[in-house]
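Written out below as structure tokens is the structure these notes cover.
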Amino acid sequence: MNGTSDERATPDWLRAALDALERGDWESAHELVQHEEDPRAAWVHAHLHRVEGDEANAAYWYRRARRALCRLPLEQERVALRAALLR
């Protein structure tokens with residue numbers, strides 16, 4: 001590594017949130033993303049609120065993520081999150 005940051009690299013907090021989500025640890029995943037201003041965090045946050053059944057709150061976070069409201073089954077969106085956000 002040459003000491004420069006790669007803006008496309010997955011931040012540690014995001015990797016940890018996705019790992020927590022994968023383990024079914026909603027609380028930890030939520031704690032990791034709820035204060036981040038990054039649109040990637042907002043997408044994960046939206047998904048987490050879908051998991052808990054709070055569609056109105058999820059819709060708010062999809063808007064913050066600049067994404068359309070997701071209608072995929074939760075598992076499909078989870079796979080899409082990991083594919084898009086882990087580098």
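Just so it is clear, none of the values below were taken in a lab; they were calculated from the coordinates. In this text, all values refer to a predicted model and were calculated from it rather than measured experimentally. Glycine gets a Cβ as well: all are built from the backbone with ideal geometry, and neighbour counts include every protein chain shown.
Summing charges over all other residues whose Cβ lies under 9 Å from the Cβ of residue 42, with Lys and Arg as +1 and Asp and Glu as -1, gives +2.
Projecting the Cα atoms of 70, 30, 18 onto the charge dipole of segment 4-87, computed from C-beta unit charges around the Cα centre, puts 70 farthest toward the positive end. Assuming charge only on the beta carbon of Lys and Arg (+1) and of Asp and Glu (-1), the dipole of segment 12-85 about its Cα centre is about 440 debye to the nearest 20.
Computed over neighbours whose Cβ is under 13 Å from that of residue 62, the net charge equals +4, Lys and Arg +1, Asp and Glu -1. For segment 25-44, no residue has its backbone nitrogen under 16 Å from a point 7 Å from the Cα of residue 83, taken along Cα to Cβ. The GNM of the chain, with springs linking C-alpha atoms under 10 angstrom apart, assigns the highest mean-square fluctuation among 56, 46, 68 to 68. Over all other residues within a Cβ to Cβ distance under 15 Å of residue 83, the charged ones net out to +3, with Lys and Arg as +1 and Asp and Glu as -1.
Which of the three applies to the chain, rounded, prolate or oblate, going by the alpha-carbon gyration tensor with a ≥ b ≥ c and a/c under 1.5 meaning rounded? In terms of gyration-tensor shape, prolate.
Under the simplified labelling scheme, the residue 31-residue 9 pair shows an inter-label distance of 2.5 nm, with each label point 7 Å from Cα along Cα→Cβ. Pairs of Cα atoms nearer than 8 Å and 6+ residues apart set the relative contact order; for the chain it is 25 percent.
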